Every structure is written in structure tokens, then in C-alpha cells.
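Taking it in order: structure first as C-alpha cells, then the write-up.
The values are calculated or read from the model by the stated rules, or taken from the named source; none is laboratory data. All of these numbers come straight from a predicted model, not from anything done at the bench. No Cβ is skipped: glycine too gets one built from the backbone with ideal geometry, and neighbour counts run over all protein chains shown. Accessible surface areas use protein heavy atoms only, side chains included; no ligands, DNA or RNA. Shrake-Rupley method; radii C 1.70, N 1.55, O 1.52, S 1.80 Å.
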Amino acid sequence: MASLNVGNLGEYLREQRRAAQLSLRQLADATGVSNPYLSQIERGLRKPSADVLQQVAKALRISAETLYVRAGILDEREREELETRAVILADPSINERQKNVLLQIYDSFRRENGFVPGPDADADAGADVKADADADAGADAGRDAGPRNGDDAGTDVTDTEDQDPHSS
């Protein structure tokens, strides 16, 4: 069988598997992908599908996007965008609405700088809550930041109903 142009992917997968201290058989068990098929991928004889790469990435606890780039499925720039989105979406310290607003701002800056958001931008942002974020992004962003009055802008103001904003 002739070697495809996926040797770089195979070598990388072998390195990652060894770093994870997994045998090929253990990786096969963890992914549900056959041992011979994984061996062929590592030797550069087979080009795996995105689904197989995702299963391998999950088992090795590495970025699927990195594997997609190495397999030629994804462009490097797209990978960087997807990883940025993944980090934002995985952050447990902000809620879903805040994540969506942040992703909208990110997309806005990318458009401003000449980059077009990837085709999955809306799907990654969570299409089920995106409409809500669109509707109230401006109002909620202002409300979350707290009241802002002239010289007080930028200060952390809480419970301002009973306080004179100029008496600090």
C-alpha cells in the first residue's frame, strides 16, 4: 500500500499515544477504532475521517482541531479560531449568555480586521441561546457592568440605589 501524505499525522499520533503511555491496543479499545486501522494511520497508510480523529483526540485528551490541521481537513487559521471559541465555551466562570456575547464581540473584531467568521461560528456559539443573546446583548452587557456616570465610569459600583453617585 502506498503512503499517503499523512505521515506527519501518523507520527504525531504515535508521539501523543506514547506520551499518554497507551499501547495501540489500549487506544483501539478507548476509541472503538480497530487496532489494525490505527496502526495504518500511524504508519501513514490511511487518512482517517474527522470522526475517527475526534475519537482519537478524545481518548488522547488532545485537541481534535490540531489533528484536523495535521490531516489536512482544517486550515491552521480555522483551527486557531475554533480553539479560541472552544476555550470561551468551556469557561465555567461565565454563563451561556455571557459566552455568546463574548463570541459575538470576537466575531465583530475579526470582521473588522478582515477575517470572516468560520461557517460554524453560530453553531459553536450555541444556536439555541444565540437569538436571546442577540436580542439583549446591549442591554444586558450594560446592566451587568453596573451603572456608569461620568467620572464614576470604570469604578465598581454596587447597591447604588441608596447612594449618591458623587459622594464617594
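If the requirement is being surrounded by 17 or more Cβ atoms within 10 Å (Cβ to Cβ) and β-branched (Val, Ile, Thr), which of these qualifies: 87, 69? Lay out the reasoning, then the answer.
Details: 87 fails: surrounded by 17 or more Cβ atoms within 10 Å (Cβ to Cβ).
None of the other options fit; the residue is 69.
Mind counting the residues in the stretch 48-89 that are under 15 Å from the mean Cα position of the chain (by Cα) and under 24 Å from residue 17 (Cβ atoms)?
Taking the stretch 48-89 and keeping what is under 15 Å from the mean Cα position of the chain (by Cα), we get 54, 57-58, 61-69, 74-89.
With under 24 Å from residue 17 (Cβ atoms) added as a condition, the list becomes 54, 57-58, 61-69, 74, 76, 79, 82-83, 86.
Adding up the residues that qualify gives 18.
Which of the residues belonging to the stretch 4-25 are modelled with pLDDT under 90 and assigned to a helix (DSSP H, G or I)? Can you show your working first?
Here is the first cut: in the stretch 4-25, the residues modelled with pLDDT under 90 are 4-8.
Answer for the stretch 4-25, where residues must be modelled with pLDDT under 90 and assigned to a helix (DSSP H, G or I): 7, 8.
Taking the stated definitions as given, is residue 94 free of Cβ contacts under 8 Å to residues at least 24 places away in the same chain, in a loop (DSSP other than H, G, I, E, B), of a type in the set (A, V, I, L, M) and open to solvent by 60 Å² or more (accessible area, probe 1.4 Å)? Full working, then the answer.
Details: free of Cβ contacts under 8 Å to residues at least 24 places away in the same chain: yes; in a loop (DSSP other than H, G, I, E, B): yes; of a type in the set (A, V, I, L, M): yes; open to solvent by 60 Å² or more (accessible area, probe 1.4 Å): no.
When the stated conditions are applied, residue 94 does not pass them.
Can you tell me which residue is modelled with the lowest pLDDT among those in the stretch 36-49 that are open to solvent by less than 40 Å² (accessible area, probe 1.4 Å) and among the small types (Gly, Ala, Ser)?
Within the stretch 36-49, the match that is modelled with the lowest pLDDT is 44.
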